[in-house]
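Participant: Got a structure for you, questions after.
The values are calculated or read from the model by the stated rules, or taken from the named source; none is laboratory data. Nothing here was measured: the structure is a model prediction, and the numbers come from that model. No Cβ is skipped: glycine too gets one built from the backbone with ideal geometry, and neighbour counts run over all protein chains shown.
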Amino acid sequence: MAIDILASAPWRAPVLVRIGHGSSEPVESASDAMHYLQNRWPHDRGRHYERALMDCKSAASGMIPAEVARESFISAAIEPTCSRPKRHGTKPYRNGDPAYALADANAE
């Protein structure tokens, strides 16, 4: 199904993600998030991933508010972290702010 992207659907604040062991990178819009979800996402894909992909496509098409897609993307980024045993002293996101969610494909 082809989606016409009318706008980038920018977010009020970027979400920082880290794929693998690289540096954190800002994801600033629903369009950016779709790129990450479709091309760079870890293989740990659950229900939050599917929802984020659907919401980002809808936001980029102007069908839903961009912030709804942002929240879904944050949930998808946290999902792989939450499904693994938590390492002592770590948090699923930095400073208690889910905007700093990290999707780490190679975490222990």
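Participant: Quick one: LEU16 ticks every box in (1) in a strand (DSSP E or B); (2) modelled with pLDDT of 95 or more; (3) of a type outside the set (S, T, N, Q) bar one, so which box is it?
Facilitator: All conditions are met except number (2).
Participant: Further question: Would you tally the residues in the stretch 46-67 being out of contact with any Ser or Thr (no Cβ under 9 Å at 6 or more places or on another chain) and not in a helix (DSSP H, G or I)?
Facilitator: 4
Participant: Determine the pairs where a residue that is farther than 12 Å from SER75 by Cβ, located within the stretch 43-57, has a partner that is hydrophobic (A, V, I, L, M, F, W, C) and exposed (fewer than 14 other Cβ atoms within 10 Å of the Cβ) with Cβ atoms under 7 Å apart, the partner being 6 or more residues away or on another chain.
Facilitator: LYS57/ILE3
Participant: Same structure again: Restricted to the stretch 15-29, and to residues that are hydroxyl-bearing (Ser, Thr, Tyr) and in contact (Cβ under 8 Å) with a residue 24 or more places away in the chain, which residue is surrounded by the fewest Cβ atoms within 10 Å (Cβ to Cβ)? So that I can check it myself, show each step before the final result.
Facilitator: Keep residues of the stretch 15-29 that are hydroxyl-bearing (Ser, Thr, Tyr), which gives 23-24, 29.
Of the ones still in play, those that are also in contact (Cβ under 8 Å) with a residue 24 or more places away in the chain are 24, 29.
Values: SER24: 15, SER29: 23.
Checked the stretch 15-29; the qualifying residue surrounded by the fewest Cβ atoms within 10 Å (Cβ to Cβ) is SER24.
Participant: With the checklist (1) modelled with pLDDT of 80 or more; (2) touching a Phe, Trp or Tyr at 6+ places or on another chain (Cβ under 8 Å); (3) loosely packed, with under 15 Cβ neighbours inside 10 Å; (4) not hydroxyl-bearing (Ser, Thr, Tyr) in hand, flag the one item ALA66 doesn't pass.
Facilitator: Answer for ALA66: the failing condition is (3).
Participant: Would you call LEU102 at pLDDT below 95 and touching a Cys at 6+ places or on another chain (Cβ under 7 Å)? Full working, then the answer.
Facilitator: Working: at pLDDT below 95: yes; touching a Cys at 6+ places or on another chain (Cβ under 7 Å): no.
No: the conditions fail for LEU102.
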